[in-house]
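Here's the structure we're looking at; comments come further down.
The values are calculated or read from the model by the stated rules, or taken from the named source; none is laboratory data. A quick note: this is a predicted structure, and the numbers were derived from the prediction, not measured. Methodologically, a virtual Cβ is constructed for each residue, glycine included, from the backbone with ideal geometry; neighbour enumeration extends over all protein chains shown. Accessible surface areas use protein heavy atoms only, side chains included; no ligands, DNA or RNA. Shrake-Rupley method; radii C 1.70, N 1.55, O 1.52, S 1.80 Å.
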Amino acid sequence: MTRLLLVIVLLGGCARTTYLGAPLPASCKSSLGACAYDLRLRAFADRFGPGRASLVAYISGVASRVARVSTLARTPKIVLVPTDGASVVGDTIVVGRELLVRLGSEAELAAILAHEIVHMEGNLPALAYDHDVDDDQRLVLESVADERGVLLLERAGYPSYAMYDALRFGLTSDEDGRHPPRDIRLRRVASLVDRSSRLDDGRTRFLTAIAGEVLDLDFERGGAVGERLVFPRSRAALSLPAGVERVSLWTSLNGSHTASLRKYSAYSMGRQMAAELVAHMRERRTVRTPVGDAQVGVAPRESKGNGSSLERVIEQARAQMWSLGPYDAVAVVEREHEAIVLVVSGNGSGPALAAWLPLLQPASDAERAAAVSARIVPTRVPRAGTTRDLATTCIDPRAVYLFENGERRLAVGDLLKCSDRRIP
């Protein structure tokens, strides 16, 4: 009877509730956990877009090759987002573009996918967010995913050493609390891989597939140009209020609120996400700015946990994508492709935001051009050598130093990961 009542409540909630401009996913009719995963995926899609179709199709093809030698009944869905790392969300593998541009071959991409597919084999979706798994269990399960991932690589016809290289050169952090320390992971994997393998690692296919992707990892959301923050898609630029340290704005471009003074933040947001934020803001009013009307108010109040279980899941999903304090002053300016969000936290946040809004102005063509990200241009090398030795082949050798395994040996005519311009 209790289970039947829960399903009735969920069905009723789905009929009445929308999230990011659309009805709730079908999963919300039966499982709160699956519902939460699907809400998170919808937020990814709204904020970052679906990713380049050809690149998503390529990654899906690699995932299919690995999935066929696993115990999975079907190939996982792939979602590409401009963040770091990879994770399992429901029946989907979320792949970060920051991770992707650091990998050096199709085999290394397959290694990352194999690790996540092992989690899916164990029916452990969204392991990082599962509160029923304690830290010791989590570390063991991550080690198992590395080790069985090596086996899946070999079965799929990739060189097994790609797992070692993917962990060594793809990871940016030695330890994140959810995985064993990188040196321990590398030692375990090194004992399992075969460095003498002559299997094709698919480097040419991989570099061809990621050609045109952002190299300097600024998410294509804009960048600092001189003393202004430029949003090229929105054709807008923002200056700092007088007397505020420059770093307190520019470090918060990715949407986090980790600015040095913990007061000023500015970033872009998906339009549906912004619409929900505006709908939930308190004391809302309209203020004209040089780039259009801004909806200004106070951040939504934190949920007290009232309402049905489904309503609490939805409110938690909204709170995660906004990441606002309950007393932050917020302004949302809707543009053609995205919304620009300005946030001021702390004492006097309302007047400070009002004084900041006029500094959001149209961006010049020169500013927009300067804010565009450097992108990957695979370039054939004129001689044999290591990628580090061949870095001067590129317009900016730093692209190689930052995004290639410097020890990788290339033959004449092999591709090197260069950029189309100098990285700022």
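A simple spin-label model places the labels of Thr17 and Ala45 1.9 nm from each other, with each point 7 Å out along Cα-to-Cβ. Which residues among the range 86-111 fall inside the zone where the amide N is under 13 Å from a point 7 Å beyond the Cα of Val69, along Cα→Cβ? Residues passing the 13 Å test: 107-108, 110-111. For the range 305-424, carbon and sulfur atoms together expose 51% of the accessible surface, with a 1.4 angstrom probe and every protein chain in place.
Taking 1.567 mPa s as the viscosity and 4 °C as the temperature, the Stokes-Einstein diffusion coefficient of the range 350-415 based on its alpha-carbon Kirkwood radius rounds to 86 µm²/s.
Could you work out how much longer the chain between Arg285 and Asp365 gets when fully extended? Use 0.36 nm per residue separation minus the Cα distance between them, nm to one decimal. Numbers along the way, then the final one.
On the way: separation 80, 0.36 × 80 = 28.80 nm, distance 3.12 nm.
Computed gain between Arg285 and Asp365 is 25.7 nm.
Between Glu311 and Arg383, the modelled labels are 7.2 nm apart [label points 7 Å from Cα along Cα→Cβ].
The residues of the range 314-424 have, on average, 46 Å² of accessible surface per residue, using a 1.4 Å probe with all protein chains present. Taking label points 7 Å from Cα along the Cα-to-Cβ direction, Tyr327 and Ser54 give a separation of 5.3 nm. Applying 1/(1 + (r/R0)^6) with r as the Cβ-Cβ distance of Asp183 and Asp84 and R0 = 30 angstrom yields a FRET efficiency of 0.95. Pairwise alpha-carbon distances in the range 265-424 exceed 27 Å for 50% of all pairs.
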